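Here's the structure we're looking at; comments come further down.
The values are calculated or read from the model by the stated rules, or taken from the named source; none is laboratory data. This structure is a prediction, so every number in the text was calculated from the model and none was measured. As a convention, Cβ positions derive from the backbone with ideal geometry for all residues, glycine included, and neighbour counts pool all protein chains shown. The protein model used for the area step is the full one, side chains on, heavy atoms only, and it has no ligands, DNA or RNA in it. Shrake-Rupley method; radii C 1.70, N 1.55, O 1.52, S 1.80 Å.
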Amino acid sequence: MRLVSAIAVLVCALGFLPGRAGLAQEACIEPPEPAPVDGAQLNENQMRTAAAAAREFIAQSDVYQTCLASTLDAAKTQATADGKPLDPTMETTIRAKAEANQKAKEKVGGEINTAIGAYKQAHLK
């Protein structure tokens, strides 16, 4: 997991080279959401795997959101250095992506907590 995070940060950093603000935005890769699971139907290993997938999604979402914030900061810095205003659609787009991903993180967290509760109800009586 640390290697994946380090690679994502490096890719974001490479995008901040002069004249590359657009590349940085493209380098921020949103992680895919794990599929929701029914904890009552899972065995212990499947439940552990599902919980690990949720934790990994949340961790990678943090990296993604950090990348988006860094991209926006770099674009603002570049716009100031160029003496131009920041394209308002760029800021709106980046903020919308971060907000959507935050909602996805909350949804995945809620789903895995529900699945864990169902698992405990079904298997730990």
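State the number of residues belonging to region 76-88 that are open to solvent by 90 Å² or more (accessible area, probe 1.4 Å) and not in a helix (DSSP H, G or I).
Residues meeting the conditions: 2.
For region 89-99, check the following and say yes or no: at least one residue is open to solvent by less than 30 Å² (accessible area, probe 1.4 Å) and of a type in the set (Gly, Ala, Ser).
yes
Which condition breaks for residue 63 when tested against (1) at pLDDT 95 or above; (2) over 16 Å from residue 102 (Cα atoms); (3) surrounded by 14 or more Cβ atoms within 10 Å (Cβ to Cβ)?
Going through the list (1) at pLDDT 95 or above; (2) over 16 Å from residue 102 (Cα atoms); (3) surrounded by 14 or more Cβ atoms within 10 Å (Cβ to Cβ), residue 63 breaks only (2).
Could you tell me which numbered condition residue 30 fails, if it satisfies all but one of (1) out of contact with any Ser or Thr (no Cβ under 9 Å at 6 or more places or on another chain); (2) open to solvent by 70 Å² or more (accessible area, probe 1.4 Å)?
It fails just one condition, (1).
Assess whether residue 105 counts as being open to solvent by less than 40 Å² (accessible area, probe 1.4 Å), basic (Lys, Arg) and in a helix (DSSP H, G or I).
Numbers: open to solvent by less than 40 Å² (accessible area, probe 1.4 Å): yes; basic (Lys, Arg): yes; in a helix (DSSP H, G or I): yes.
Spelling it out, residue 105 is indeed open to solvent by less than 40 Å² (accessible area, probe 1.4 Å), basic (Lys, Arg) and in a helix (DSSP H, G or I).
For region 47-68, what are the residues that are within 13 Å of residue 33 (Cβ to Cβ), more than 8 Å from the chain's Cα centre (by Cα) and of a type in the set (A, V, I, L, M)?
50, 53, 54
Just checking, which of 44, 56 is of a type in the set (Asp, Glu) and open to solvent by less than 70 Å² (accessible area, probe 1.4 Å)?
On the way: 44 fails: open to solvent by less than 70 Å² (accessible area, probe 1.4 Å).
Answer to the check: 56.
Tally the residues that are farther than 23 Å from residue 32 by Cα and β-branched (Val, Ile, Thr), restricting the search to region 69-92.
So the answer is 3.
Hey, residue 33 hits all of (1) in a loop (DSSP other than H, G, I, E, B); (2) within 17 Å of residue 101 (Cβ to Cβ); (3) modelled with pLDDT under 95 but one; which does it fall short on?
So the condition that residue 33 fails would be (3).
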